Every structure is written in structure tokens, then in C-alpha cells.
Amino acid sequence: SRQTAADAANPASQQPTGAELAARRHALMLDVDLLSPNELSALLCGDHMPDGAPAELEAEIHRQFATWAHGRIHEGAFDHPQLSSRELFLQFCASHPSLIEKTRIAIDESLRRRRIEGALNTAPSSPARLSPPRDDIPAADPSPRRIAIHPFRDEKGGWLKVSHQDFIDLGLAGLVSGEGSKMTPSGIYLAFDEANPRCDAQRLVDAMEAAGRHAHCHPQIESRESQIRSYASYFAPLVGYMPKIGDTLKLVEGIARIEAKSPNGSWLAVFEKAKTKQRALSSGRFYDFIEEVITGDFLQANPANP
């Protein structure tokens, strides 16, 4: 018929093959993975909070969205019409109204904490103290300096987050046990255990006391089960590695080069032997995928801040 002839003459009207559908689905899943938690929260927050939602909530939003999107894409729900990852996220929000309310509450709480912190900035900070300091860590440069500490807690325990640079300057890379502690490119999460006086969080406090440093403690973030538990485990050889585009890494599947970065610290790595093979490295689990840094930069200890 005339319609059949027209369809044959117009490739766009023909149904895609199974291989083409699989390729489209894979590309859409990769697009979802590279849409960062920060970008997702910005879509939710709009003009209400330009800096986005708290990091813990951003990670939870990203986790829920990625799980939902991967399942729906695999089912073929978005084969026709083709959608972008941002359009998928808007559909996800429409089907998860409670997430919008949770975000609104978290934003209000974050703004409240900012106002409180601003009011307290004029008052001197108190030194961080979990228990009396030990004397088995040698004293260091007594010059005053404040170290930013971010406390997190859930029903099973907690962590004190510190930057890679401060962690290295305090000489902790070879001292912590790593049991329950986590790490991302943004910082080291030292596990806190009230029943263990030698826990990693306590080692941080002891080192700060010995070095004459004071803590600038950010408001504690609490949750039922923290997303931090899914982060990469502490691994001393990678402390201080700050990834950048162009770095070459030995991953569990082979040698790969970092090709792109998303705003929240997620990365896209392309394998050398199979250019079509890629891996999205989320910020939370970034160090879990790396066996060795072949080319890349590590932070060095600052002699003025041992």
C-alpha cells in the first residue's frame, strides 16, 4: 500500500531493532548515572535554595531515582518516546510526592541551621572532645588553626568527617584502623564507637589535641540509616588522591582514563582496550573501584600543619 511504501522510504518510521533498543537503554542509564545528586536537588529546590539540598538528602534522592529509573528503563517503559534523564527525573518526582515534602522540610531545617551557625560565628569554638586526650601522639606545631569537622550519626553509629588535607597534616593516614571508616574525594569519614576508646574518630580528636588544633564543628546530621554506610571503605594507599580529567587508573576491570566529571564529583572512565566500554564512578563509592592510581595527583603534607 501507499502507507507501507512511505514507511519503507522513511527509516525514522521503522521500528528499532532489539540491538538498537538495548543501545538506547544503555545510553539512557548512563545519562541517569551521570546526572549528579547536586543537579537533581537543584531541579527540586529551584529558586528556594540555590546551593541545593543537604548532601545526605542529595545522595538519597540520587539513589532512589537511579534505582527507579534503571528498573523502568530495563522494562522498556521509556523506549517510546525517547526521554532525557532530566525528563525522567520529573516523572520520578510526579510519582514520589513524599520526596518533595521531605526535601522541603530538609531545606527549611538547613536554613534554620545556617541562621544558628551565623549567630554563633562570633563566639569562640570549643575544642572537640570525645574523651581525655592520650599522650602517645607527639605534640606538634602549637600555632592555632581550626579544622572543619562534620559529624554524622544514625541508629547504628556515627562518623566525624574531615578533609583529606587535614587528615594527612595530622599524620593519621597510617594510624587509623579503617574499621567502619569511609572515604570519598570530598573527605574521610572516621567511625565513632562509644564502646571503643580507640575508635578512629577518637584518634582524630587525640591528634587534634596533641597538635593544638581546635574544631569548627558543623551541625550534626542524623538519619535512621545513613547513606555513608554504602560509601567506599577507608583505604590508606588512596588517601589524598584528588582525581581529575586525564588521570589513568587501574580499575577492577582494567586500565581506564577519566574522561568527564559531574558537578558533585562523579566521574566517567573509559577503558583503554575497549573504547566503547565505560564506567560511571559515583562520588560515594569512587575509591572502591580503584586498585591503583597509574597517573594522578596526591595531596602532600603541609609542613606548617603537622
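Using a Förster distance of 45 Å, how high is the FRET efficiency between Ala195 and Asn302, based on the Cβ-Cβ distance and rounded to 0.05? Write out the running numbers ahead of the final one.
Working: r = 34 Å, r/R0 = 0.76.
Working from the Cβ atoms, E equals 0.85.
Among the listed pairs Lys244/Lys273; Lys156/Lys182; Lys156/Lys250; Lys161/Lys261, which have their C-alpha atoms separated by more than 25 angstrom in this model? Spell out each step's value before the answer.
On the way: Lys244/Lys273 21 Å; Lys156/Lys182 15 Å; Lys156/Lys250 34 Å; Lys161/Lys261 23 Å.
With Cα atoms farther than 25 Å apart: Lys156/Lys250.
Where in the stretch 242-276 are there GluC sites (Glu not before Pro) that are in a DSSP coil and have at most 12 other Cβ atoms within 10 angstrom of their Cβ? List each step's numbers first, then the result.
Working: sites: Glu253, Glu259, Glu272; in loops: Glu253, Glu272.
Filter output for the stretch 242-276: Glu272.
Can you give the FRET efficiency for Arg229 and Lys250, using 1/(1 + (r/R0)^6), R0 = 22 Å, r = Cβ-Cβ distance, to the nearest 0.05?
Working: r = 26 Å, r/R0 = 1.19.
Using R0 = 22 Å, I get an efficiency of 0.25.
Any chance you could look up the accessible area of Asp154 with a 1.4 Å probe, heavy atoms only, rounded to 10 Å²?
About 10 Å², rounded to the nearest 10.
Which order do Ser283, Ser85 take when ranked by solvent-accessible area (1.4 Å probe, heavy atoms of all protein chains), largest first? Working shown, then result.
On the way: Ser283 35, Ser85 5 Å².
Per-residue accessible area, sorted high to low, gives Ser283, Ser85.
Of all accessible surface on the stretch 157-299 at a 1.4 Å probe, what whole percent is carbon and sulfur? List each step's numbers first, then the result.
On the way: 3090 of 6240 Å².
So the carbon and sulfur contribution to the accessible surface is 49 percent.
Between Arg145 and residues 5 or more places away or on another chain, which pairs have amide H atoms under 5 Å apart, with H built 1.01 Å from N, and which residues are they?
Here the answer is His214, since their amide H atoms fall under 5 Å of that of Arg145.
Please compute the length gained on full extension between His26 and Phe271, using 0.36 nm multiplied by the number of residues separating them and subtracting their Cα-Cα distance.
Values: separation 245, 0.36 × 245 = 88.20 nm, distance 1.66 nm.
In short, 86.5 nm is gained.
Filter the trypsin sites (Lys or Arg not before Pro) in the stretch 271-303 to those in DSSP coil with at most 12 other Cβ atoms within 10 Å of their Cβ, and list the result.
Numbers: sites: Lys273, Lys275, Lys277, Arg279, Arg285; in loops: Lys273, Lys275, Lys277, Arg285.
Qualifying residues, ordered by number: Lys273, Lys275.
For the stretch 190-306, what is the accessible area per residue in Å² when the probe is 1.4 Å? Please report the intermediate quantities before stating the final value.
Details: 5770 Å² over 117 residues.
Solvent-accessible surface per residue comes out at 49 Å².
Among Gly284, Gln202, Tyr189, which residue has its Cα positioned farthest towards the positive end of the charge dipole of the stretch 164-287, with +1 placed on the Cβ of Lys and Arg, -1 on the Cβ of Asp and Glu, and the dipole taken about the Cα centre?
Going by the charge dipole, the pick is Gly284.
Taking the full set of protein chains and a 1.4 angstrom probe, give the accessible area of Arg146 in square angstrom, rounded to the nearest 10.
Accessible area of Arg146: about 130 Å².
In terms of solvent-accessible area of protein heavy atoms at a 1.4 angstrom probe, what is the ranking of Glu58, Glu155, highest value first?
The ranking, largest first, comes out as Glu155, Glu58.
The values are calculated or read from the model by the stated rules, or taken from the named source; none is laboratory data. The structure presented is a predicted model; accordingly, all values stated were derived computationally and were not measured. Ideal geometry is used to build each Cβ from the backbone, glycine not excepted, and the neighbour counts take in all protein chains shown. The protein model used for the area step is the full one, side chains on, heavy atoms only, and it has no ligands, DNA or RNA in it. Shrake-Rupley method; radii C 1.70, N 1.55, O 1.52, S 1.80 Å.
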